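The structure appears right after this line, and notes come after that.
The values are calculated or read from the model by the stated rules, or taken from the named source; none is laboratory data. Keep in mind that this is a model prediction, so the values were computed, not measured. Here the Cβ is made from the backbone with ideal geometry for all residues, glycine too, and neighbour counts use every protein chain on show. Heads up: the accessible areas ignore ligands, DNA and RNA and are worked out on the full protein's heavy atoms, side chains in. Shrake-Rupley method; radii C 1.70, N 1.55, O 1.52, S 1.80 Å.
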Amino acid sequence: MDTKELVDLAAGRLGGSVLYATDDFFAPKENLLKALKPVWKEHEYTDRGKWMDGWESRRKRTSGHDFAIVRLGIAGVIRGVLVDTSYFRGNFPSHCSIEACALMPETDVDSLLKTEWLEILPKSELKGDDENFFNIENPYAFTHLRFHIYPDGGVARLRVYGDVVPDWHREGGLQNEIDLAAVEHGGQVLTCSDMFFGPKHNLIMPGPSLGMSDGWETRRRRGPGNDWVVVQLGAEAEITRVEIDTSHFKGNYPDTCSIDGDEHEILPRTKLLPDTRHVFVDQLNDVGPVKQVRLNVYPDGGIARLRVYGKATDDAKWREVARTINTRVRSQAETDLRSCCGATQWVRQMMASRPFDGGSELLAGAETIWWELDPQDWREAFAAHPRIGENPKSEWGRQEQAGAASAPSDTMRALAEVNREYEKRFGHIFIIFATGKTADEMLAIARQRMQNPPEQELRIAAEQQLRITKLRLMKLVS
C-alpha cells in the first residue's frame with residue numbers, strides 16, 4: 001500500500017492537536033493539522049500581515065529556530081510525513097527535522113518540553129510551495145512529535161502517515177468484543193471499487209457521521225455489477241455483530257448489501273433503509289475467524305459507517321503481544337518485559353531478539369531463553385514476586401493471588417509458616433501459578449512440594465515461573 005494511503009495519525013478528526021509552538025505570530029499553529037487542503041486568498045491581510053493558511057512564525061532575529069509539538073490522534077509506527085509548504089514561496093523554512101516520543105496522550109506541555117526525544121527525520125531540505133514527502137524508517141510507535149523548522153517561516157500542513165498500534169489496555173482489552181474495523185483499533189480500508197463522492201477511509205472513522213460528505217459514496221453505476229470495499233481488521237476475530245449505517249444518505253443509499261469474510265459469506269444479501277443504523281447479529285453466518293471483510297453494496301450508493309465487532313482469536317492476541325513488544329521504545333519494552341519476568345538476563349535476551357515475527361516466535365523465544373538461563377537467574381525472577389498470602393503491590397499480583405485474599409486467618413498463618421519453611425529448605429520463595437487457585441489449594445501444594453529434592457523443586461519452580469511469564473505477556477493486551 002502506498003504510504004499516503006495509510007492513516008494520518010495526526011488528523012484532527014482522530015484527536016490530533018498542535019499543543020505548542022515557539023512562535024505563531026503570522027498564522028496560528030492549529031492550521032498545521034486542518035483537514036482541508038490549504039488555500040490562497042490574494043488580497044486577504046490581517047493586522048499582522050498577509051493572511052496565510054498554515055503555521056507561520058515571525059522572522060527570527062536571534063539564534064535558534066522554531067518548533068511545534070504535535071500530539072498524534074492515534075499512536076502508531078510512522079511510515080512517512082508530508083510537509084506541505086503550499087503558497088509559502090518567499091517565507092518557507094529552508095529545512096525541517098522531526099523528533100518523536102511515546103508518552104501518555106494526556107501528557108502536559110511542560111512535561112513534553114522536558115522529555116527526551118528521538119530523532120526520526122534528520123534535518124532535511126524543504127522546497128517552497130510544494131508537498132515535501134519524507135519516508136520514515138523507525139520501528140517504534142509514538143504518541144507525540146516535535147516538528148522543527150529552520151530557522152523560521154511557514155508550513156501549510158503536516159501529515160503523518162503510519163500504522164496504528166492500539167493501546168489495548170485503554171481500549172478495554174482484546175478479551176472483549178471490540179469493533180475491529182475501527183481505525184483506532186488498527187482497521188484499514190485496503191481498496192474499493194469507487195469513491196467518487198466520499199473517501200473510503202470515512203467508513204471506519206470514530207464517532208457518528210456528520211453528513212453525506214463524511215461517508216463513503218460511489219458514483220451512479222451505469223453498467224453491470226456492484227460496488228464494494230475491502231476492510232482489513234485490526235486483529236483476526238470471530239465476528240459477533242455488524243453495523244451498517246446509512247445516516248444522511250436518503251436518496252442515494254444502496255438498495256441492498258452483503259458482507260463476505262476471507263472465503264465465506266458472513267451476511268447474506270440484505271435490504272437496506274435510508275438514513276438508518278442497521279444492526280445485524282442473528283443474520284450473521286458463523287464462518288470462523290476472519291482477517292478482512294468485503295462489504296458489497298448493490299448497485300451503488302453511500303454508507304456512513306461500517307462497524308465489525310468480534311472477539312480476537314488466541315493467535316491474534318499473541319500477534320498483538322509480539323507487536324506491542326516490537327513497537328515499544330526501548331525503555332518501555334524493558335519495563336513491560338520486566339513486569340512479566342524479573343530475570344535481568346531474560347529481559348536483555350528478549351530485547352536482543354526483537355523484532356519477533358509473530359506470536360508463536362515470541363512464545364518460542366521466551367521459553368527458549370528462560371530454559372537457557374542459569375539457576376541464579378531463575379532465583380532473581382522468583383524474588384520479584386511477593387510471597388503467597390502477602391499483600392501484592394502490583395495489580396497483576398493482586399489478580400493472580402485473588403484466591404488468597406479472602407482466606408480465613410488460620411489458613412493465612414499456615415501459608416506464612418510454610419513459606420518460611422520452604423525458603424529455609426530451598427533458598428528461594430515458594431513460586432506457584434496462583435491464578436484460579438484457592439488459598440487451601442496453594443497451601444496443600446506447598447506442603448507437597450516441600451518433600452521434593454532441591455534440584456527437582458528448582459525445576460518445578462522454574463516451570464511455574466514460565467507459566468506466570470506467559471500469562472503476564474498475554475496481559476499486555478488483555
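Counting only protein heavy atoms and using a 1.4 Å probe, what share of the accessible area of the chain belongs to carbon plus sulfur, as a whole percent? C and S atoms contribute 47 percent here. Each 5 Å bin, from zero up to the one with the longest distance, holds this percent of the alpha carbon pairs of segment 1-115: 2, 9, 19, 23, 20, 14, 9, 3, 0. Compute the distance in nm between two label points, each set 7 Å from the Cα along the Cα-to-Cβ direction, one at Phe197 and one at Glu463. Result: 6.5 nm between the two label points. Centre-to-centre separation between the Cα atoms of segment 65-99 and those of segment 7-52: 12 Å. Sparse packing (at most 11 other Cβ atoms within 10 Å of the Cβ) combined with a DSSP loop state is found for the following trypsin sites (Lys or Arg not before Pro) in segment 363-416: Lys393. Averaged over residues, the count of other Cβ atoms within 10 Å places the peptides 103-111, 54-62 in the sequence 54-62, 103-111, highest first. Compute the acute angle (0 to 90°) between the alpha-carbon long axis of helix 314-327 and the principal axis of greatest extent of the alpha-carbon atoms of the chain; round to the nearest 10°. That works out to roughly 70 degrees. For helix 439-449, what angle does its Cα long axis make with the longest principal axis of the chain, in degrees from 0 to 90 and rounded to 10? Value to nearest ten degrees: 60.
For segment 345-478, count all C-alpha to C-alpha pairs, find those more than 26 Å apart, and express that count as a whole percent of the total. Summing the P(r) tail past 26 Å for segment 345-478 gives 26 percent. In this structure, Asn452 and Val279 have a Cβ-Cβ separation that, at R0 = 60 Å, corresponds to a calculated FRET efficiency of about 0.60. Segment 271-321 and segment 189-252 have Cα centres separated by 11 Å.
Among the GluC sites (Glu not before Pro) found in segment 231-279, those both in a DSSP coil and sparsely packed, with 11 or fewer other Cβ atoms within 10 Å of their Cβ, are Glu263.
Between Asp110 and Ser409, the contour length at 0.36 nm per residue exceeds the alpha carbon distance by 102.7 nm.
Distance between the 7 Å Cα→Cβ label points at His95 and Thr240: 5.4 nm.
Given the peptides 267-275, 207-215, arrange them by the average over their residues of other C-beta atoms within 10 Å, most packed first.
Most protected by this proxy first, the peptides run 207-215, 267-275.
Quick one: of Lys291/Lys475; Lys37/Lys250; Lys311/Lys475; Lys29/Lys50, which pairs are farther than 18 Å apart, Cα to Cα? In this structure, Lys291/Lys475; Lys37/Lys250 lie more than 18 Å apart at Cα. Rolling a 1.4 Å probe over the protein heavy atoms gives the chain an accessible area of 47 Å² per residue. Highest average first, the peptides 81-93, 19-31 ordered by how many other beta carbon atoms sit within 10 Å of their residues are 81-93, 19-31. Nearest 10 degrees is fine. How inclined is helix 330-340 to the longest principal axis of the chain, computing both from alpha carbons? Taking the Cα atoms of the chain, the angle to 330-340 is about 40 degrees.
Kirkwood's formula applied to the C-alpha pairs of segment 253-402 gives a hydrodynamic radius of 19.5 angstrom.
Basic side chains Lys and Arg get +1 at the Cβ, acidic Asp and Glu get -1 at the Cβ, and with that the dipole of segment 26-107 about its Cα centre reaches some 220 debye. Net charge in the neighbourhood of Pro454 (other residues with Cβ under 14 Å of its Cβ; Lys, Arg +1, Asp, Glu -1) is +1.
Between (1) 1.05; (2) 1.24; (3) 1.20, which matches Cα Rg over 2.2 N^0.38 Å calculated for the structure shown? It is the one labelled (3). Note on segment 123-229: Cα Rg divided by 2.2 N^0.38 Å, N the number of residues, gives 1.44.
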